[in-house]
């Protein structure tokens, strides 16, 4: 019987994690776990879509992103090969349609991204970190291939393409490798470079991934055509000012490097403004180009 690649990778990651935890039992007695932390910046913003892209029909809404991690100390300073931290991570993206519009009457909260996972982190000197991770990503919705084109078209006729896509079930697992570097103090800058390998399974290997465009058989896109390589640059300045550039692109073939999505953010203390243009606003619309801007607050 052939073992699915995702199951094999998850088994290896869990075995390696168990190995380093067992080794840590011989280390000096220090707290095993740290405090709950933010992983990515958390934000609560008003988002205003621009209908000039491929994705039409969305309405202005509140968008909030929750990103937390719980770190376990693996005493990585004892041996160079041992990770410093095992982090359990949850990222969640939600749209709250509290602004009166034509589509929703009950101001619903819609799940856009559910992204739990685990990561091993190595602290490489004072300024660098290496992360090896296994994550699941989905949007927690119900319309899938079994429901088919009929169900999709019914929802589209009721509220438009974005309304229908908000109910399409998307899901996959991926293995990630990320490097992080930071430098400076008063003018501190930081970079992240992440490579993702998407697997043919989801739910930590328990079921088949859902990324096919089943409502449009002519479109054979897959998630790795639009995501797989990510780059972030963040510049901090005096007076609590900061600017951030986030880019991502596909990696399935050389030509998919052209499928670039980007987000520019400016912050002062907790106040935050941003502009997004590109692919992959959320899992359900990873293959469509969109534009939107907004403002709100961001926390770390």
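General observations
- Among the residues listed as 211, 216, 220, the single one being touching a helix residue (DSSP H, G or I) at 6+ places or on another chain (Cβ under 7 Å) and at negative phi: 211
- Given (1) over 20 Å from residue 104 (Cβ atoms); (2) crowded, with 16+ Cβ neighbours inside 10 Å; (3) at pLDDT 90 or above, number of the condition residue 24 does not satisfy: (3)
- Filter result for residue 169 (over 23 Å from residue 39 (Cα atoms) and at pLDDT 90 or above): yes
- Residue within the range 183-204 that is buried (at least 21 other Cβ atoms within 10 Å of the Cβ), within 19 Å of the chain's Cα centre (by Cα), closer than 23 Å to residue 291 by Cα and modelled with pLDDT of 95 or more present: no
- Taken together, 180, 164 contain a single residue that is surrounded by 15 or more Cβ atoms within 10 Å (Cβ to Cβ), in a helix (DSSP H, G or I) and under 25 Å from the mean Cα position of the chain (by Cα), which is 164.
- Filter pass, residue 116 being in a strand (DSSP E or B), in contact (Cβ under 8 Å) with a residue 60 or more places away in the chain and on the phi < 0 side of the Ramachandran plot: no
- Residue match in the range 70-87 (condition: touching a residue at least 60 places away in the same chain (Cβ under 8 Å), part of a strand (DSSP E or B) and at negative phi): yes
- Conditions (1) under 22 Å from residue 281 (Cβ atoms); (2) within 15 Å of the chain's Cα centre (by Cα); number of the one not met by residue 98: (2)
- Residues that are in contact with a strand residue (DSSP E or B) (Cβ under 9 Å, 6 or more places away or on another chain) and touching a residue at least 40 places away in the same chain (Cβ under 8 Å) were ranked within the range 147-163; the one that is farthest from residue 133 (Cα to Cα) is 152.
- Summed over the range 139-158, residues that are within 19 Å of residue 288 (Cβ to Cβ) and modelled with pLDDT under 80 total 1.
Let's see how each residue does on (1) crowded, with 16+ Cβ neighbours inside 10 Å; (2) modelled with pLDDT of 90 or more:
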residue: 59; (1), (2): yes, no
residue: 78; (1), (2): no, no
residue: 83; (1), (2): yes, yes
residue: 91; (1), (2): yes, yes
residue: 98; (1), (2): no, no
residue: 106; (1), (2): no, no
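- Search result, residues across the range 106-152 that are closer than 26 Å to residue 214 by Cβ and in contact with a helix residue (DSSP H, G or I) (Cβ under 8 Å, 6 or more places away or on another chain): 112, 113, 137, 138, 139, 141, 143, 152
- For the range 108-124, the set of residues classified as at pLDDT 95 or above and surrounded by fewer than 17 Cβ atoms within 10 Å (Cβ to Cβ) consists of 116 only.
- Taking the range 195-300 and the strands (runs of 3 or more DSSP E) fully enclosed by it, the elements with 3 or more residues that are under 20 Å from residue 40 (Cα atoms) and free of Cβ contacts under 8 Å to residues at least 60 places away in the same chain are at 228-237, 241-250, 261-268, 271-279.
Results for (1) within 18 Å of the chain's Cα centre (by Cα); (2) surrounded by 15 or more Cβ atoms within 10 Å (Cβ to Cβ), shown as yes or no for each residue.
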{"position": "261", "(1), (2)": "yes, yes"}
{"position": "268", "(1), (2)": "no, no"}
{"position": "276", "(1), (2)": "yes, yes"}
{"position": "279", "(1), (2)": "yes, yes"}
{"position": "284", "(1), (2)": "yes, yes"}
{"position": "288", "(1), (2)": "yes, yes"}
{"position": "294", "(1), (2)": "no, yes"}
{"position": "300", "(1), (2)": "yes, no"}
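The values are calculated or read from the model by the stated rules, or taken from the named source; none is laboratory data. Here the structure is a predicted model, which means the values were calculated and not measured. Cβ atoms come from the backbone with ideal geometry, glycine included; neighbour counts cover every protein chain shown.
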